[in-house]
Amino acid sequence: MNTTILRKSVLGIAGLAFAGGVFAGPVTEAHAAPAAEAKSVAVVQADKPGKGELIPHGVQGKQSRIDLDSEQTKNVKEIIAATKKSGMDERAAVVAIATALQESKLENLGHLGARNDHDSQGLFQQRPSSGWGTVEQITDPEYSTMAFLKGLKQVDGWKDMPLTKAAQTVQVSAYPDHYAQWEQQAADLVAKHWNN
C-alpha cells in the first residue's frame, strides 16, 4: 500500500468519533515536547508477561528512562487497570504508558498557562477542543486512558506496528518518533505492575 493511501486511511481512522463526543484520534497541532534528558534506573524484568509480548518488534533507537515518584507510579497502575478494563492486553498498556511518558512524563497535568500547548491536559495531553472530552474527563486517568485505547483499537493492525507508529496514529503529534524512546521503560513498568 502506498504511503498516501495509508496516510488517508490513518487520518480517516483518526476522525472517527465514539460515544461521549471523544474522538478516536484528534487532529491536533504539535503537543509533544521534546524528551528530557534520561536518568538512569534499574531495569525490572518479570517472568510474565514475556518480553516478546511486551516488545514484539524490538526497541527503536536510543531509550530514555526517568525515575518515577509515587504519583507517577500510581498513574502507571491506573493506565494498567484501565487497559484491563477495556479488555486489551499488555502490549496495549506498553503503548499507552510509553505515550504518557512522552506526553506528560506520567504526570496528570492541568493547564500550564503560557507553557500549555493550546488546551492539552492530562496524562496523554488530550485537548477538549479536539473532542477528547471535558477538562474534568481528560484529567481523569481512567477516562483519558480509555479514550486513548479506544483510538488505538481503531488503528487497523496496531499490534503489528512499531510502538511509535501506533502511538502516533492515535496522538497525531508533531514529534512522531519520540514515543519510541520510552518503549523499554514502559515494558518494564508493565512487567512489574501488570499482575499486582
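Given the residues G87, G61, which is the only one that is at pLDDT below 95 and either assigned to a loop (DSSP other than H, G, I, E, B) or over 17 Å from L123 (Cα atoms) (or both)? Spell out how you get there, then give the answer.
Numbers: G87 fails: at pLDDT below 95.
So the residue among G87, G61 that is at pLDDT below 95 and either assigned to a loop (DSSP other than H, G, I, E, B) or over 17 Å from L123 (Cα atoms) (or both) is G61.
State which residue pairs qualify: first residue over 15 Å from L109 (Cα atoms) and in contact (Cβ under 8 Å) with a residue 60 or more places away in the chain and inside the range 127-139, second residue open to solvent by 10 Å² or more (accessible area, probe 1.4 Å) and part of a loop (DSSP other than H, G, I, E, B) in any location, beta carbons under 6 Å apart, and separation of 6 or more residues or different chains.
Going by the 6 Å Cβ cut-off, the qualifying pairs are S130/T28.
Specify the residue that is most open to solvent (accessible area, probe 1.4 Å); the eligible residues are those in the range 141-160 that are in a loop (DSSP other than H, G, I, E, B) and touching a residue at least 12 places away in the same chain (Cβ under 8 Å).
Of the range 141-160, the ones in a loop (DSSP other than H, G, I, E, B) are 154-157.
Those left that are additionally touching a residue at least 12 places away in the same chain (Cβ under 8 Å): 154-156.
Working: Q154: 53, V155: 5, D156: 133 Å².
That would be D156.
Quick one: in the range 164-191, of everything that is within 11 Å of the chain's Cα centre (by Cα) and among the aromatic types (F, W, Y), which residue is surrounded by the fewest Cβ atoms within 10 Å (Cβ to Cβ)?
Once the filter is applied, the top-ranked residue is Y179.
Within the range 120-130, restricting attention to residues that are part of a loop (DSSP other than H, G, I, E, B) and open to solvent by 10 Å² or more (accessible area, probe 1.4 Å), which residue is nearest to E103 (Cα to Cα)?
Looking at residues that are part of a loop (DSSP other than H, G, I, E, B) and open to solvent by 10 Å² or more (accessible area, probe 1.4 Å), I get Q125.
Here is a yes/no grid of residues against (1) within 14 Å of the chain's Cα centre (by Cα); (2) modelled with pLDDT under 95; (3) closer than 18 Å to R91 by Cβ:
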position: I138; (1), (2), (3): yes, yes, no
position: Y143; (1), (2), (3): yes, yes, no
position: K150; (1), (2), (3): yes, no, yes
position: V155; (1), (2), (3): yes, no, yes
position: H193; (1), (2), (3): no, no, yes
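The values are calculated or read from the model by the stated rules, or taken from the named source; none is laboratory data. Here the structure is a predicted model, which means the values were calculated and not measured. FYI the Cβ positions are ideal-geometry reconstructions off the backbone, even for glycines, and counts take in every protein chain you see. Accessible surface is based on the protein model in full, side chains and every heavy atom, while ligands, DNA and RNA are left aside. Shrake-Rupley method; radii C 1.70, N 1.55, O 1.52, S 1.80 Å.
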